[in-house]
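The values are calculated or read from the model by the stated rules, or taken from the named source; none is laboratory data. Since the model is a prediction, treat every value here as computed from it, not as a measurement. Cβ placement follows ideal geometry from the backbone for every residue including glycine, while neighbour counts extend to all protein chains displayed. Only protein heavy atoms, including side chains, enter the accessible area calculation; ligands, DNA and RNA are left aside. Shrake-Rupley method; radii C 1.70, N 1.55, O 1.52, S 1.80 Å.
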Amino acid sequence: MSPWLIIVFVLGYFGFLMLISWWTTRDGDSNAAFFTGNRQSPWYIVAFGMIGTSLSGVTFISVPGWVESSQFAYLQMVLGYLVGYLVVGTILMPLYYKLNLTSIYTYLLDRFGMKSYKTGAWYFLVSRIIGASFRLYLVAIVFQFAIFDQLGIDFPFAGTVFLTIALIWVYSFKGGIKTIVWTDTLQTLFMLLAVIITIGVIANNMDVDLTGMINSVSNSGYSKVFFFDDINDSKYFWKQFLAGAFITIAMTGLDQDMMQKNLTCKNIGEAKKNMMWFSITLIFVNLLFLSLGALLYMYSNANGIPIPDKADYLYPILAVNGYLGPIVAILFILGLIAAAYSSADSALTALTTSFCIDILGFERTEIQNAAQTRKMVHLALSAVLLVVILVFKAINNDSVIKELFVAAGYTYGPLLGLFSFGMFTKFNVKDKWVPVVCIVSPIICFVLKENSEVWFNGYKIGFELLIINGLLTFGGLLLLVKSQKSSTNTISD
């Protein structure tokens, strides 16, 4: 497919995003609009846009590629997501609305003190920088392959990454979350269209109708969902189900990025409706991605197309190299951009919000030229993402989605422990020692993960690492409980 045609469609797509940015900021670009969207977002717009944010470019490429080695086991984790979203919608969101929070980590300030608050905020910043970098890395790879390599241009990968991030910055730096809520709606639409039309084209090439396609996937060796046989297997049901629930609680309920969108709804009632419909829809959308993965492998095997060594490249190769026709190639590029950008743009906005409020103290102190400072933070964090993506490019050697969840286990575990301890106990802790607990816990988890098969009779720690990390943090906080006489809710020790 002509790379020039891809460039035209990509520029047209970003033209739409710029138009949305102009529309959402025509009344000004205040900090209130950037951080909270003035709490005027319709719940159904937030719910639909959150599908793209939750899935991202990682899901768009890696979940279909994962099907060969894991079949439909990922759906076990998705079912666990439902439990996690129930906890988020019924416990965490009401708390955030009750306290009228802009940054959810302000809760830690009120509950424990300044050290705990800063620790939680920094863990989020590290977690989201890693997550957003993973997602944008995928887009940069495809841009490099589909445009510059096809044109025969020796363009450096660092330059591709710069362009990838610059496009986000241009349409998000003014409106922030007010713009993101609406741009993510468009991006979710493009992402789903790409998957649905790709499935339709493959079914047509295989000369089967909808019923035949469903039967073909069901009867293939790829469609096994539930694994109960071997507890040591990383695909074991309860390991994935529980990991899915806790990953959702941590990566949605304790994540400023995902919660910032929910907090733009008018009230808690609308936010709950958003969460309910979003979580139900997410099951069917993930099933769609897994079905696409099975069809991609079936189509490749039937037509003698070599399967790439790296599973993440299967969908890009089939789409961009023209095996499925020009329409699929164009929609793949736009769908990937939409999937990755719908999570990365909101991540950059959330990182800016957290840094301004939690680290610089926008709500606690008077900041001169606050709007200008916010824009400088937004630009600086864009530069940080660029550096981290290049580092990841140099060291990555596994499936991106697997690496993402492994990283989440280390960085979101302390957040899970902190919030759980704060909400389910009435103890106060020695605030100045909280950072130590939150650093030691991931280190212990790393040692356990590296040695689990030897120490625990072949048991290999997988995505449940997040749960272990949260429990260790919770236990460490118990050791920091103050005596009853000195138990007060002070800001710091």
Given the DSSP H assignment, sum -39500 (n - 2.57) over each helix run of at least 4 residues in the chain and divide by its residue total; what's the result at 222 nm in deg cm²/dmol, nearest 500? -23500 deg cm²/dmol
Go through 129-142, 312-325 and give me the packing order, highest mean Cβ count within 10 Å leading. 129-142, 312-325
Going by accessible area, probe 1.4 Å, with all protein chains left in place, what is the ranking of Ile283, Ile443, Ile180, largest first? Ile443, Ile283, Ile180
What is the spin-label model distance, in nm, from Glu453 to Val391 if the labels are put 7 Å beyond Cα along the C-beta direction? 2.8
In what order, largest first, do Val481, Val126, Val8, Val67 sit by accessible area if the probe radius is 1.4 Å? Val8, Val126, Val481, Val67
Using a 1.4 Å probe on the protein chains only, how many percent of the accessible area of the chain belongs to carbon and sulfur? 66
Could you tell me what % of all Cα pairs in region 1-159 have separations over 27 Å? 47
Considering amide H positions built from the backbone, and no H for Pro or chain starts, which residues 5 or more places from Val429, or on another chain, come under 5 Å of its amide H? Lys482
Residue-ordered couplings for region 224-230, obtained by feeding phi - 60° into the Karplus form 6.51 cos²θ - 1.76 cosθ + 1.60 and rounding to whole Hz (Gly and Pro as x), are 5, 9, 9, 10, 10, 6, 10
For Lys261, counting only lysines whose alpha-carbon sits under 21 Å away and dropping same-chain residues fewer than eight positions off, the answer is Lys98, Lys174, Lys178, Lys272, Lys273, Lys375
With the cut-off at 37 Å, report for the chain the share of all Cα pairs above it, as a whole percent. 26
Explain nothing, just compute: Karplus ³J(HN,Hα) = 6.51 cos²θ - 1.76 cosθ + 1.60, θ = phi - 60°, for every residue of region 129-134 in order, whole Hz, x for Gly and Pro. 4, 5, x, 5, 5, 4
Solution diffusion estimate, µm²/s, Stokes-Einstein, region 265-334, Kirkwood Rh from C-alpha pairs, 25 °C, viscosity 0.890 mPa s: 170
Evaluate E = 1/(1 + (r/R0)^6) for Leu86 and Leu151, where r is the Cβ-Cβ distance and R0 equals 41 Å; express this FRET efficiency to the nearest 0.05. 0.25
Multiplying the sequence separation of Val126 and Asn100 by 0.36 nm and subtracting their Cα-Cα distance, what value in nm do you get? 6.9 nm
Gain in length, Ala32 to Leu19, computed as 0.36 nm per residue apart minus the alpha-carbon separation, to one decimal in nm? 2.6 nm
Solvent-accessible area per residue for the chain (1.4 angstrom probe, square angstrom): 40
Would you mind pulling out the separation of the Cα centroids of region 165-221 and region 68-121, in Å? 26
On Cα atoms only, tilt of 434-455 relative to the major axis of the chain in degrees: 50
